[in-house]
Amino acid sequence: MKPFACLLAASFLLHAQAPEKNPAPNGLLMIKRVYVANLTGGAQADAIRELVIASLDSTKLFILTDNPDRADAVLKGAADDQSVTDTYDSDENFNSRQNGGKSGSLYSKAGGIYGGLGVGANESHHIKEHKHEAYATVRLCTKDGDVLWSTTQQSDGAKFRSASADVAFKIARQLSFDVERAQKELPQTAKPPAPPVR
């Protein structure tokens, strides 16, 4: 047997006898400390960043840090909150006209009656509604730049939250759902023993 063939056969035998490794757990579950970087975007990006930090802190998923050197992962992306004016125009018209009359001849001593009625109405509405539309698209990356998680959220506002605060809330909620799902997908390494059969 040629030396290369021997080396290939030996390599095959080593891999065949090596125990299988368990799949690596989801990268989200390895993260302990997160730094939220400045978000690019419009004038409101800094305010949305602060709201995202507060929303993530309320989940207690990670330790949040202002020191990027201590972080396991960085949340970065873009966000903005813009004021939008919606204009609604409507016109309603109603017109009615009636005429009636009776005529006669002066020589026949007949009288004449004539009447007319005209009604018209025009109603116009011009409504302006001011509202905010916020969006954020963010990703959680390792120090090496690998993307572990990403989401895009947008909002016109919620009942008790502004559009920006609602976007920050949705980001934290989505991340919580995805971390919880990753925990459920972990392989069960230690299952409880089956009850004895009697």
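The values are calculated or read from the model by the stated rules, or taken from the named source; none is laboratory data. Everything quoted here is computed from the prediction, not taken from an experiment. Cβ coordinates were reconstructed from backbone atoms using ideal geometry, including for glycine residues, and neighbour counts include every protein chain displayed.
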* Inter-residue pairs, beta-carbon under 8 Å, first outside the structural domain of Ser176 (by TED's automatic domain parsing) and at positive phi and in segment 49-73, second surrounded by 13 or more Cβ atoms within 10 Å (Cβ to Cβ) and part of a loop (DSSP other than H, G, I, E, B), 6+ apart -> none
* Asked: If you go through segment 83-105 one residue at a time, do you hit one that is within 32 Å of the chain's Cα centre (by Cα), surrounded by 11 or more Cβ atoms within 10 Å (Cβ to Cβ) and modelled with pLDDT of 90 or more?
  -> no
* Structure fact -> Taking segment 42-67 and keeping only residues that are over 21 Å from Arg161 (Cα atoms) and outside any loop (DSSP other than H, G, I, E, B), one is left with Ile63, Leu64, Thr65
* Asked: Any idea which residue in segment 130-146 is modelled with the lowest pLDDT, counting only those that are small (Gly, Ala, Ser) and in a strand (DSSP E or B)?
  -> Ala134
